[in-house]
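Reading through the structure tokens given below for one structure.
The numbers here are math on the coordinates, done by the rules we state, and not lab data. Just so we're clear, the structure is a prediction, and the values are computed from it rather than from any experiment.
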Amino acid sequence: MSSDKESEERIQQLTLLEQNLQNTALQKQNFHLQLLEVEAAMKELEQSSEAYKIVANIMVKGDKAELKKELSEKKEMLDLRIKSLEKQETKLRERASEIQQEVLGRIEKSK
């Protein structure tokens, strides 16, 4: 396989990695927003004497302890997802950097 062809394939891989990085960043941002909402709900729940939950477009009174538990579990799940995405993002960045260095090295050699 020629060096130009290999470089083109590496550039395509780099482009795909960049797209994956963008998707990962968007997912992480979405989870961060959900986490902020959950934390705000938990704060409000602490300050209120009554608790309400939205079910099928209506608000119903709920058990405060039960809602705290649900919010806590959701927060934990979101934290795990964010950490997982951060690890994935780090691996993608490392791989993209490796490929970028390889392609730049090939370009320098061909000059």
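Of note:
- Calculated diffusion of the chain, Stokes-Einstein form, Kirkwood radius summed over Cα pairs, 4 °C and 1.567 mPa s, µm²/s: 74 µm²/s
- In sequence order, the range 71-79 has phi-based couplings of 5, 4, 5, 5, 4, 4, 5, 5, 4 Hz under the Karplus curve 6.51 cos²θ - 1.76 cosθ + 1.60, θ = phi - 60°, and Gly or Pro positions carry x.
- Greater than 31 Å apart at Cα, pairs in Lys53/Lys83; Lys43/Lys91; Lys53/Lys91; Lys68/Lys91: Lys43/Lys91; Lys53/Lys91; Lys68/Lys91
- Relative contact order of the chain, defined on C-alpha pairs under 8 angstrom at six or more residues apart (%): 42 percent
- Taking amide H atoms as placed 1.01 Å from N in the peptide plane, the amide H of Tyr52 lies under 5 Å from those of Gly62, each 5 or more residues away in sequence or on another chain.
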